[in-house]
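Participant: Take a look at the following structure, please.
The values are calculated or read from the model by the stated rules, or taken from the named source; none is laboratory data. Everything numeric in this text was worked out from a predicted model, so none of it was measured. Positions of Cβ are generated from backbone atoms using ideal geometry, with glycine treated the same way; all protein chains shown enter the neighbour counts. Surface accessibility is based on the protein's heavy atoms, side chains included, excluding ligands, DNA and RNA. Shrake-Rupley method; radii C 1.70, N 1.55, O 1.52, S 1.80 Å.
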Amino acid sequence: VLTVSHEYGSGGRTIARRIAHELNLPYYDRDVIQEDDNKDFYGLFDWKSASLEDETDINDEELCKIEAHMIQSIAAKDSCVIVGRLANYVLQNHRNALHIFITADEAERVKRIMRKEGIDEEEAYELIEKNTKEREKHCHQFTDFKWGCGDNYDIMIKSSKYGVDRTAAILLDLIKEFRLMQD
């Protein structure tokens, strides 16, 4: 099981998707997990009559617990790539998990966000600051980990140094080594 955390604008999702594709592994990120959360939410609490629009009763802590349950269930089934959602924390004791953090120089992140979002430099800096604060807050609120701290990951890599393609290739080589060590 690979968990991939990343800085906003580092290309982390793209890199994680490439790794999943190359290794023929299922890929899960916030969209897939939250979609599954909604299904699991109704199954866990048997609230079949509730609609998605009426989820006001669920708070962040309950949602985080449901996501943690989903991540544990996903990881128990088979090998996969899970992006974000505090998966490195949730699976910290999973014996076959490899935790990756992807970072990038701020200037490169700004350029990437400007291209991707079609916004100017100032807006890109604001988005980086906003996303970083949200991720740090979320991590602090639900874990005893410090977001982005090297102690919480097996591999940290700077995608701006190598580019997205080369970063994915380097990580694939390291993942293959990890798999050999597990045999």
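Participant: Under a 1.4 Å probe, what is the accessible area of the range 103-152 per residue, stated in Å²?
Facilitator: On the way: 3500 Å² over 50 residues.
Per-residue accessible area for the range 103-152 comes out at 70 Å².
Participant: Right, another one. Would you mind checking K137/K161; K133/K161; K137/K158 for any pair whose Cα atoms are more than 31 angstrom apart?
Facilitator: Values: K137/K161 27 Å; K133/K161 24 Å; K137/K158 23 Å.
Flagged as over cut-off: nothing, all pairs pass.
Participant: Tell me the Kirkwood hydrodynamic radius of the range 52-183 in angstroms, computed as one over the mean inverse distance between distinct C-alpha pairs.
Facilitator: Working: mean 1/r = 0.0590 Å⁻¹.
The answer is 16.9 Å.
Participant: Run through all the Cα pairs of the range 123-183 and give the fraction in each 5 Å bin from 0, expressed as whole percent.
Facilitator: 3, 15, 14, 18, 19, 18, 9, 3, 1, 0
Participant: Related question: With r as the distance between the Cβ atoms of H140 and D31 and R0 = 30 Å, compute the FRET efficiency 1/(1 + (r/R0)^6) and round to 0.05. Present the calculation step by step, with values, prior to reporting the outcome.
Facilitator: Numbers: r = 24 Å, r/R0 = 0.79.
Once rounded, the FRET efficiency stands at 0.80.
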